[in-house]
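Nothing in this text is a laboratory measurement; each read-out follows from the coordinates by a stated rule. From a predicted model like this one, the values you see are computed outputs, not experimental measurements. When we count neighbours, we look across all protein chains shown, and the Cβ atoms used for this are built from the backbone with ideal geometry, even at glycine.
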Amino acid sequence: MNRTYPQLMLSSSKILQAMKPGTPINGLNFFKGKDAPVALQRSEYPEWVNELVKEPISLAKLKKMDEEDATDKEKMRYLKLTRRILIKDHNLEVGEE
């Protein structure tokens, strides 16, 4: 199934909403006898929700970054991406034998 999603970010400072406030959110109405929840204004959501639409930092950018300047989240992402590459390389080697 090919889905297209609306662009959520125009720039790093301006964040758009994916749904208009008051729009019922289909798929979340699993309680019998209750209406589906509706989308709220962006300002009514906690601040961490806005972090979900940010593009993650690439491995190339993380490699260029000094370890002292990186946040804990960036360090964890770097370790995750490098481990993933090591696992894929190992699996290729084992598959060739």
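Could you rank the peptides 71-77, 50-56 by their average count of other C-beta atoms within 10 Å per residue, with the highest value first? Each step should come with its number before you reach the end.
Numbers: 71-77: 12.1, 50-56: 10.1.
Output ranking for 71-77, 50-56: 71-77, 50-56.
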Review point. Fully extended, how many nm does the chain gain between Lys61 and Ala18 (0.36 nm per residue separation, minus their Cα-Cα distance)?
Key: 12.7 nm
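Of the peptides 88-97, 61-70, how do they stack up when ordered by the mean number of other Cβ atoms within 10 Å, highest first? Intermediate values should be presented prior to the final figure.
Details: 88-97: 8.3, 61-70: 10.4.
In decreasing order of mean packing, 88-97, 61-70 become 61-70, 88-97.
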Practice item. Just check the stretch 20-97 against the gyration tensor rule for me: Cα atoms, a ≥ b ≥ c as the square roots of the eigenvalues, rounded for a/c under 1.5, and otherwise prolate or oblate depending on whether a/b exceeds b/c. Key: oblate
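Take the Cβ-Cβ distance between Lys73 and Tyr45 as r, set R0 to 22 Å, and report the resulting FRET efficiency rounded to the nearest 0.05. Provide the component values of the computation, followed by the final result.
Numbers: r = 20 Å, r/R0 = 0.91.
Rounded to the nearest 0.05, the efficiency is 0.65.
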Practice item. Would you please give the residues with an amide H less than 5 Å from that of Ala39, counting only those at least 5 places away or on a separate chain, with H modeled from the backbone geometry? Key: Gly22, Thr23, Ile25
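What does the charge add up to near Pro56, with Lys and Arg as +1, Asp and Glu as -1, over the other residues with Cβ less than 11 Å from its Cβ? Can you show the working numbers first?
Working: positive: Lys54, Lys61, Lys73, Arg77, Lys80; negative: Glu51, Glu55, Glu74.
Combined, the nearby Lys, Arg, Asp and Glu give +2.
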**Study point:** Neighbour cut-off at most 16 other Cβ (10 Å), DSSP loop, chymotrypsin sites (Phe, Trp or Tyr not before Pro), the stretch 12-97
**Key:** Phe30, Phe31
